[in-house]
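Just below is one structure, and these are the notes that go with it.
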Amino acid sequence: MTSLRALPAVALLAATLATYANVLGAGFVWDDHVVVLQNPDLRDPSRIGNIVSSPDVLARSQPAPYYRPLHRLSYLVDVHLFGLDPYFSHLLNAILHAGAVIALFGLGLLLFDAGAPAFVAALLFAVHPINAEAVAFVTARNNLLVGLFVLLATSAFLKSRRERRPGLAWLAGAFFLLGLFTKETGFMLLPFLLLWELRPRRGQIDPVRSRLAALLPMVLATGVYAGLRTLVLANVVSQPVRMSGLARAIGDDLHILPEYLRLVLWPSGLTVHHGNPASYFTGAGVRVAAWIAIALGVTLLVRQRRPVTGFGLLWFAVNFAPVSGIIPIPSAAIAERFMYVPAIGLWLVVADQLEALREKAWRRWWVPAAAVAVCAALAAVTVRRNQDWRSDTALFESALRVDPRSTDARYNLAIARLDAGDGDGARREWERTLAVDPGHAGALAQLGTWHAQRGDLATAGWYFERVLAVNPRDVETRFNLALLLERLGRRDDALRHYQEFLRLDPVDYPDLVPRVQERIRKLEREPVP
């Protein structure tokens, strides 16, 4: 009997690992090079203290307003146990996703008090291709970890309330704290549970005070995390929330939410570069129709008063808030990995609606059969999507197939070709980038460097000057231009750019400051021609 009860969990585990088996042969791609391959903290286990006491880094020495030590510690474990072998990093990602799938199944059993809808919700979560980016992209592991911990925390909390066991509430608080140490968006579990506990219920006998007291462990966990985060990020300048940009953010969200829901309902056009939000629903009529459909759908679902559907809708709404674009974060406006946790609510809603349909259907067998067939089709799309993560070249070529005018994808493809030793191929991609966006500073700077390395200093200088016309505060390009002007014998122009480099306070390039100071002293000693 015990083995039969475990059968659904075993089936979910097998479905998850089978869906992601082909990603195990993928390499490190995109941000993995900075986060994993070039991260000195991962080479030596004794640097655990530095990981725990420092913010994340976006690039070079630029600190990010993120404090996610558990996420970075997971890479330290990878490297210490298996070296820089992407196979094991991808394997751990697949295992973490499988763990989150089983955790959702456990939560579903609590919510549904039935195995079939809980299994469907977990199976959708396991195989849906919108989650492929979170699983196949090693750097996106924080989404897997935070998803696992918030699901475990939610189950522990609900059991503590149902069984009147305060110890489980403290276990929920511990899982919640682990989620916070993985990704800041894990905090949204606290307002979600607060709203869920305060919702009106028939026959409610618990006073508000006792319902709030159950959340005390999570409140304390938030205080611990907030204190450590404040200490670690004390000197990090984060992007402020400006009310002047709120209207634009809301306008962007009118495009972002329908696009996310489209990817859930019809997962085509999956890409790592989704472009400008305004490009998702270009026609006003289409956008209005999408929002009318969303409003009608939510209204119909809410009017059913099905508890699990309400739980799922609230979960999605609360967890979607930090990735909606309303709160500015230094990342993409839309990314499929951002939906890993919010879409859990959608899987619960779909499973609950299928259960309602099954209860009313004349031939009940066709509902679960149709659900399994849809999941099989979704798994096939995911397997195909996993192949895009084989290499940087494959990843950005796949993005260009979705949007041939994506300058981000084209620029990154050029970098991938350069890293692969194809300098001429990289040059052609950068030139194609400029054909779409003549002011693309990255492509201009790279072409300047390409020509300088081949001795064409005049052409290189022309590209560098175009970069500074677009972005006068690009100190790295200003330094490169100053060096080039020196080689061309233009002493005064070189001196002017060196002096401007120092005036701009290049905090991200501390190693260049003494070199610039030395060049200035040398040029000032030289006689004026």
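Bear in mind that the values in this text are calculations on the coordinates, not laboratory data. From a predicted model like this one, the values you see are computed outputs, not experimental measurements. Heads up, the Cβs are rebuilt from the backbone with ideal geometry, glycines too, and the neighbour counts pull from every protein chain shown.
Spin-label model, residue 113 to residue 456: label points 7 Å out along the Cα-to-beta-carbon direction sit 7.5 nm apart. With the highest mean first, a sort of the peptides 514-523, 172-181, 445-454 on other beta-carbon atoms found within 10 angstrom per residue produces 172-181, 445-454, 514-523. Protection proxy ranking, highest mean first, for peptides 263-269, 342-348: 342-348, 263-269, where packing is the per-residue count of other beta-carbon atoms within 10 Å, averaged.
Relative contact order of the chain, taken over Cα pairs closer than 8 Å and 6 or more residues apart, is 15 percent. Neighbours of residue 518 by Cβ distance under 14 Å: Lys/Arg scored +1, Asp/Glu scored -1, total +1. Volume per residue for the range 1-147 equals 131 cubic angstrom (convex hull of Cα atoms).
The angle separating the long axis of helix 2-19 from the principal Cα axis of greatest extent in the chain is about 30 degrees.
3J(HN,Hα) along the range 471-482, derived from phi through the Karplus expression 6.51 cos²θ - 1.76 cosθ + 1.60 where θ = phi - 60°, amounts to 9, x, 8, 7, 6, 5, 5, 5, 5, 4, 5, 4 Hz, with x in place of Gly and Pro. Think of it as helices only: each DSSP H run of n ≥ 4 in the chain is worth -39500 (n - 2.57), and spread over all residues that comes to -21500 deg cm²/dmol at 222 nm. The mean sequence distance of close C-alpha pairs (under 8 Å, at least 6 residues apart), as a share of the length of the range 392-525, puts its relative contact order at 13 percent. Once the Cα-Cα distance is subtracted from the 0.36 nm per residue extended length, the residue 162 to residue 424 segment shows a gain of 87.8 nm.
With respect to the chain, whose longest principal axis is taken over its alpha-carbon atoms, helix 423-436 is tilted by about 80°. On alpha carbon coordinates alone, what is the Rg over Rh value for the chain, Rh being the Kirkwood radius? Computed over Cα atoms, the ratio is 1.02.
Relative to the longest principal axis of the C-alpha atoms of the chain, give the angle of the C-alpha long axis of helix 86-112, reported between 0 and 90° and rounded to the nearest 10°. Roughly 30 degrees between the two axes.
Based on the Stokes-Einstein relation at 10 °C and a viscosity of 1.306 mPa s, and on the Kirkwood radius from alpha carbon pairs, the range 418-498 is assigned a translational diffusion coefficient of 124 µm²/s.
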